[in-house]
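Scroll down for the structure; my scribbles are underneath it.
The values are calculated or read from the model by the stated rules, or taken from the named source; none is laboratory data. Since the structure is predicted, the reported quantities are computational estimates derived from the model, not experimental observations. Please note: Cβ atoms are built from the backbone with ideal geometry, for glycine as well, and neighbour counts cover all protein chains shown. The area values use the complete protein model at the heavy-atom level, side chains included, leaving out ligands, DNA and RNA. Shrake-Rupley method; radii C 1.70, N 1.55, O 1.52, S 1.80 Å.
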Amino acid sequence: ETEWLFLLYSRLSNMYYHSLDFLEYVKYQTLANKYIQKNYDAEKLSSNEVLLIAENYLYTDHYEKALNTLQSIQLKQEHWLYGKHKFLLGVTYSKLEQWQEAINEIETCLKTSAVSDEDKLISHTTLAYCYMQLGLNEKANLHKNKAMTYKTDSLNSFTAIAIYQTLNDINRINNDKDAELRSMQKIIDQYQSIVYQLNNRTLDEAIQTYT
């Protein structure tokens, strides 16, 4: 039951995160973390469940725990979650500032076919930042340009903001003032979108209360 409750609360927290209901997101994320901290038998979990636990650690800034969880399973290249596994490893390594390890995992991820456009966008953005940290500006700009070919319309606003902030850092390092201004405007647009969505939700709730 512990594993099942973790999965349930984790899915609920993800749903509220994408709907920008952060009070409910925090509530269910906390409940999920409560069950993840209990002893669970990783051998009884599916690969998908282990990756979900790793994501939980990653997106709550427990990077070492995320890495240990991801390293606890090995997936064959033909496994349908192989690309996702490599993607999460790459992002985790980048958060730990292990740039070359992050590059190796994400480059492998991008060679697989079962990778969503959102993960490709984050992958190229992360690669650009990692290469920039290593002083490999030509490769960094190559991946920055690839990242910019993907649309961010379907992204959660906070994911889009994180991407634009990373691109903004790269533009600043490149001393590209025009590109820096454009990425800053994108960040502002995303924050305005968040405020608009929150205001609309509050208005809808008020209408429901008094009707």
(request) Restricting things to alpha carbons, find the Rg to Rh ratio for the range 89-158 using the Kirkwood radius for Rh. (result) 0.96
(request) For the range 65-71, just list the computed ³J(HN,Hα) in residue order, Karplus coefficients 6.51, -1.76 and 1.60, θ = phi - 60°, integers in Hz, with x standing in for Gly and Pro. (result) 5, 4, 5, 4, 5, 5, 6
(message) Can you compute 3J(HN,Hα) from phi for each residue in the range 108-115, using the Karplus curve 6.51 cos²θ - 1.76 cosθ + 1.60 with θ = phi - 60°, rounded to whole Hz and x for Gly and Pro?
(response) 5, 4, 5, 7, 8, 8, 8, 10
(request) Binning at 5 Å from 0, report for the range 51-139 what percent of all alpha-carbon pair distances ends up in each bin. (result) 3, 16, 26, 25, 20, 7, 2, 0
(request) Kindly report the accessible area of the range 53-184 per residue (heavy atoms of protein chains, probe 1.4 Å, no ligands, DNA or RNA), in Å². (result) 52 Å²
(request) First compute the accessible area of the range 30-151 with a 1.4 Å probe, then give the percent of it belonging to carbon and sulfur atoms. (result) 45 percent
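On alpha carbon coordinates alone, what is the Rg over Rh value for the range 130-174, Rh being the Kirkwood radius? Present the calculation step by step, with values, prior to reporting the outcome.
On the way: Rg = 11.0 Å, Rh = 11.1 Å.
Rounded to two decimals, Rg/Rh equals 1.00.
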(message) Which order do the peptides 66-75, 86-95 come out in when sorted by mean C-beta neighbours inside 10 angstrom, highest first?
(response) 86-95, 66-75
